[in-house]
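First up is the structure itself, then whatever we jot down about it.
The values are calculated or read from the model by the stated rules, or taken from the named source; none is laboratory data. The structure presented is a predicted model; accordingly, all values stated were derived computationally and were not measured. Ideal geometry is used to build each Cβ from the backbone, glycine not excepted, and the neighbour counts take in all protein chains shown. Quick note on the areas: whole protein, heavy atoms, side chains included, nothing else; ligands and nucleic acids left out. Shrake-Rupley method; radii C 1.70, N 1.55, O 1.52, S 1.80 Å.
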Amino acid sequence: MERTYVMIKPDGVQRNLIGEIITRFERKGLKIVGLKMLQMDRAMAEKHYAEHTGKPFFEGLVSYITSGPVVAMVLEGKDVVATARAMNGATNPANAGPGTIRGDYAIEVGRNVIHASDSIDSANREIAIYFTENELCEYKKVL
Ligand code: CMP
């Protein structure tokens, strides 16, 4: 079954949006198979955002993402990569439609509340940064 990596960023945690965001994914019917809160360090941030190394916003991104705890989760379901991206809305909240998480809760690209993997390959790479295989749960979900 397809999996994706989703992360509530430090601004989402600080603004008390953890429950609201997790509720959206649960209500949608996506299955949470991994969940933890952690504080990222610089090495972890550089690994996660390796593809953005050298970009003008990279240093700001690293300091933002390491500024406080994040909530890391793995969601499972059919087409879950695309579904989670659609629920998050566009990376720049200015372009994110109402009803999406960024459309409803964010205004700045540098403080955009949530992350979700952009492909199955990215999901596999990102999940491995945050979770060991035995931290991911297998269970039957009753709808
Ligand atoms: P995310 O989906 O986590 O993936 C890359 C992140 O880089 C993105 O969300 C934003 O938080 C950040 N980002 C992308 N473009 C910019 C930008 N132009 N300025 C600041 N941050 C950016």
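Numerical summary
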item	result
Test for THR83: is it part of a helix (DSSP H, G or I), within 27 Å of ASN134 (Cα to Cα), hydroxyl-bearing (Ser, Thr, Tyr) and touching a residue at least 12 places away in the same chain (Cβ under 8 Å)	yes
Selection from the range 86-102 of residues that are small (Gly, Ala, Ser), under 14 Å from ASP118 (Cβ atoms) and buried (at least 20 other Cβ atoms within 10 Å of the Cβ)	GLY89
Residue list for the range 46-66, restricted to those being under 16 Å from the mean Cα position of the chain (by Cα) and either assigned to a loop (DSSP other than H, G, I, E, B) or at pLDDT below 95 (or both)	TYR49, THR66
Candidate set from the range 25-45 (those that are assigned to a strand (DSSP E or B) and of a type in the set (Lys, Arg)); member that is least open to solvent (accessible area, probe 1.4 Å)	LYS31
Members of the range 51-93 found to be farther than 17 Å from LEU35 by Cα, away from the ligand (no atom under 11 Å from the Cβ) and aliphatic (A, V, I, L, M), listed by number	ALA82, ALA86, MET87
Selection within the range 10-24 - farther than 14 Å from HIS115 by Cα, outside any helix (DSSP H, G or I) and in contact (Cβ under 8 Å) with a residue 24 or more places away in the chain	ARG15
PRO10 vs. criteria open to solvent by 70 Å² or more (accessible area, probe 1.4 Å) and within 16 Å of the ligand (Cβ to nearest atom)	no
Filter result for GLY34 (more than 12 Å from the ligand (Cβ to nearest atom) and touching a residue at least 60 places away in the same chain (Cβ under 8 Å))	yes
Residues of the range 62-83 satisfying the condition of being over 19 Å from ILE127 (Cβ atoms) and surrounded by fewer than 19 Cβ atoms within 10 Å (Cβ to Cβ)	SER63, TYR64, THR66, SER67, GLY68
The range 49-77, residues that are without any contact (Cβ under 8 Å) to a residue 24 or more places away in the chain and of a type outside the set (D, E, K, R)	TYR49, ALA50, HIS52, THR53, GLY54, PRO56, PHE58, VAL62, SER63
Members of the range 103-142 found to be open to solvent by less than 20 Å² (accessible area, probe 1.4 Å) and acidic (Asp, Glu), listed by number	GLU126
Residue match in the range 110-122 (condition: within 12 Å of the ligand (Cβ to nearest atom) and part of a helix (DSSP H, G or I))	yes
